[in-house]
1. How much accessible area per residue does segment 52-171 have, counting only protein heavy atoms and a probe of 1.4 Å, in square angstrom?
2. Stretch Asp128-Leu45 to full length: gain in nm at 0.36 nm per residue minus the Cα-Cα span?
3. Does segment 116-171 classify as rounded, prolate or oblate by the C-alpha gyration tensor (a ≥ b ≥ c root eigenvalues; a/c under 1.5 gives rounded; else a/b over b/c gives prolate, otherwise oblate)?
4. Counting only protein heavy atoms, what percent of the accessible surface of segment 82-171 is carbon or sulfur at a 1.4 Å probe?
5. With a ≥ b ≥ c the root eigenvalues of the C-alpha gyration tensor of segment 27-171, is it rounded (a/c under 1.5), prolate (a/b larger than b/c) or oblate?
Amino acid sequence: MKDMQTKKLSTASRVGALLGLCAIAPGGGALRAEVIAQWDFNGSLTAGLTAAAAAPAASPSVTFESVLIAGQPATVAHFSRGTYFRARPGLPPNAGGQYVNQYTLILDVLFPDRSPSGGWAALLQTNDTNSNDGDWFVSPTGGIGIGGSYRGSVPEGEWHRLGLVVDRTEG
């Protein structure tokens, strides 16, 4: 994985109330999880999270709207195809590596229509120039990951909370 300082997050249309990054930290002989960075969309982008654009967008387009997610009101970011978010949590390398290599990423997402991109939606891209395949994505059939091999399904038009756990020291 590339350095978490430059992770790109991209979905097709809406990211919900929570975009979080968690890490596993040793504590008293047991491992414990702690929230290291969290970005809530409350009408603006918060520190450490910026919007940028790649083709087909010429510039990023982000608006905020109020929606119900699981019956609860939430403010979400609605953005155009080609707009992506760059997360900079400011984390140091961990687990003896050169990069952040143990973390959990949680996203609330809704894709109204993935057809303009052939059904694909990137959730995480660690290549700064976006010159290779994403690291975590939704396939045209709604499967998560390479050939849907990460289990689960993300049908269009429904909110889903997705979690990705990365532990490069354990594989």
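1. Numbers: 6350 Å² over 120 residues.
Ligands and nucleic acids excluded, the figure is 53 Å² per residue.
2. Numbers: separation 83, 0.36 × 83 = 29.88 nm, distance 2.02 nm.
Using 0.36 nm per residue and subtracting the Cα-Cα distance, I get 27.9 nm.
3. Numbers: a/c = 1.99, a/b = 1.24, b/c = 1.61.
The shape class here is oblate.
4. On the way: 2170 of 4580 Å².
C and S fraction of accessible area: 47 percent.
5. Numbers: a/c = 1.45, a/b = 1.34, b/c = 1.08.
Rounded, since a/c falls under 1.5.
The values are calculated or read from the model by the stated rules, or taken from the named source; none is laboratory data. As the structure is a computational prediction, the values presented were derived from the model and not from experiment. Quick note on the areas: whole protein, heavy atoms, side chains included, nothing else; ligands and nucleic acids left out. Shrake-Rupley method; radii C 1.70, N 1.55, O 1.52, S 1.80 Å.
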